Amino acid sequence: MKKMVLLNIFVFLLYFTSCNETKKVTEVFENIELSGKYTITRINGKNITDRIPTIVFNSIDKSASGNGGCNGYFGNYTLTGNKLNFGIFTVTEMYCDEPIMDIERAFFKALSETGFFKIENNLLTLYSNTNRTVLLKANHDKKE
């Protein structure tokens, strides 16, 4: 009988301790904020080396801005846990040579298809909302 009581107490304590730890992890996860400037290094698996797009996250007003490689842009984003969605961006209307415009179009398409993100070792990775493929990778610019 003593063994059963002790076992029940142990299971009870284990259950409430693990629930508390899960709650802490959830609270930390939900409070992740994106902020700072990121330089894009890869879009859809292709390395970017010329006229590199940037994105600057402002966690206070949930705005995003930067340069797509040719044109400047700004807009808003929503963030819930690791779910990330961008609103419609306002973009300047300059024209650059076609290789640059191809990169910019791919960049804005990747942003519009974003559904999730991960930050690991100052590397931001954006994933597709539909099939979880990697859309782009970006390095955090520590100077910002």
Q) Which ones in the stretch 33-49 are among the β-branched types (Val, Ile, Thr) and surrounded by 14 or more Cβ atoms within 10 Å (Cβ to Cβ)? A) Thr39, Ile40, Thr41, Ile43, Ile48
Q: Kindly provide the set of residues from the stretch 117-144 that are among the β-branched types (Val, Ile, Thr) and in a strand (DSSP E or B), ordered by number.
A: Ile119, Thr125, Val134
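Here is a yes/no grid of residues against (1) under 22 Å from Thr114 (Cα atoms); (2) part of a loop (DSSP other than H, G, I, E, B); (3) at pLDDT below 90; (4) of a type in the set (Val, Ile, Thr):
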{"site": "Lys3", "(1), (2), (3), (4)": "no, no, yes, no"}
{"site": "Asn8", "(1), (2), (3), (4)": "no, no, yes, no"}
{"site": "Tyr15", "(1), (2), (3), (4)": "no, no, yes, no"}
{"site": "Glu27", "(1), (2), (3), (4)": "no, no, yes, no"}
{"site": "Ile32", "(1), (2), (3), (4)": "yes, yes, yes, yes"}
{"site": "Thr39", "(1), (2), (3), (4)": "yes, no, no, yes"}
{"site": "Asp50", "(1), (2), (3), (4)": "no, yes, yes, no"}
(Q) I'd like the full set of residues that are surrounded by 15 or more Cβ atoms within 10 Å (Cβ to Cβ) and among the charged types (D, E, K, R), limited to the stretch 50-61. (A) Arg51
Q) Across the stretch 66-116, what is the total count of residues that are part of a strand (DSSP E or B) and surrounded by 18 or more Cβ atoms within 10 Å (Cβ to Cβ)? A) 7
Q.
Looking at the stretch 122-144, I want the residues that are without any contact (Cβ under 8 Å) to a residue 40 or more places away in the chain and under 15 Å from Lys109 (Cβ atoms) and have a partner that is assigned to a loop (DSSP other than H, G, I, E, B) and hydroxyl-bearing (Ser, Thr, Tyr) with Cβ atoms under 8 Å, at least 6 apart or on another chain. Which pairs are those?
A. Tyr127/Thr133
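The values are calculated or read from the model by the stated rules, or taken from the named source; none is laboratory data. The structure presented is a predicted model; accordingly, all values stated were derived computationally and were not measured. Don't worry about glycine lacking a Cβ; one is built from the backbone with ideal geometry, like all the others, and counts go over all protein chains shown.
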